[in-house]
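Have a look at the structure below, then the notes.
The values are calculated or read from the model by the stated rules, or taken from the named source; none is laboratory data. Computed from a predicted structure; not experimentally measured. Cβ placement follows ideal geometry from the backbone for every residue including glycine, while neighbour counts extend to all protein chains displayed.
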Amino acid sequence: MAESRITGPSRSPDPAPGPPASKAVPLCASQDLIEGGRAVGFDVRFHGQACRGFAVRFGGGVHAYLNRCTHVPMEMDYQEGRFFDDTGQWLLCATHGAAYRPDTGACAGGPCRGGLVKITLSESASQVHWHTSPHLQPAES
């Protein structure tokens with residue numbers, strides 16, 4: 001004879017907690033970022049470490065990266081907010097001369113080891129925002 005079993009209602013396991021939703025963090029007015037000009041810096045926590053980020057305008061768009069050279073993990077600007085070379089076409093590390101593409105952060109020459117860590121930006125209503133991710137959060141006040 002076949003054995004019958006009585007079971008209770010089936011229950012789905014609790015969903016695993018996902019990564020925190022991305023949050024838009026106000027950065028600056030759109031007019032503060034001039035094509036090939038000075039960057040706007042901001043503080044972040046990347047994998048729990050306090051770091052600086054920077055945003056630039058290039059090719060009509062806004063782009064942001066961690067202010068950390070891939071050759072040696074140190075800040076890249078030789079003066080606050082100055083990342084572009086004299087032509088306004090490349091982001092340079094002032095210490096060792098590594099060059100990066102402003103639109104992608106990819107290594108373009110010099111002693112880089114890969115590209116810069118990109119930070120997602122959005123621009124609307126004349127405002128620029130940066131966006132959090134699981135490993136990138138606002139700096140603690």
Of the candidates Arg45, Arg101, the one satisfying the condition of being at pLDDT 95 or above, under 17 Å from Pro138 (Cβ atoms) and of a type in the set (D, E, K, R) is Arg45
Take the stretch 77-103 and flag every residue that is surrounded by 14 or more Cβ atoms within 10 Å (Cβ to Cβ) and among the β-branched types (Val, Ile, Thr). Thr95
Looking only at the stretch 60-72, and only at residues there that are of a type outside the set (A, V, I, L, M), at pLDDT below 95 and more than 12 Å from the chain's Cα centre (by Cα), the one that is nearest to Gln127 (Cα to Cα): Gly60
Please go through the stretch 84-141 and pick out each residue that is assigned to a strand (DSSP E or B) and among the hydrophobic types (A, V, I, L, M, F, W, C). Phe84, Leu91, Leu92, Ala99, Cys107, Ala108, Ile119, Leu121, Val128, Trp130, Leu136
Picking from Val62, Val128, which residue would you name as being in contact with a Cys (Cβ under 7 Å, 6 or more places away or on another chain), under 14 Å from Val40 (Cβ atoms) and crowded, with 19+ Cβ neighbours inside 10 Å? Val128
Quick one: how many residues across the stretch 104-118 are among the aliphatic types (A, V, I, L, M), closer than 17 Å to Gly59 by Cβ and surrounded by 15 or more Cβ atoms within 10 Å (Cβ to Cβ)? 2
(1) at pLDDT 90 or above; (2) farther than 20 Å from Ser22 by Cβ; (3) not charged (D, E, K, R) all hold for Val128 apart from (2)
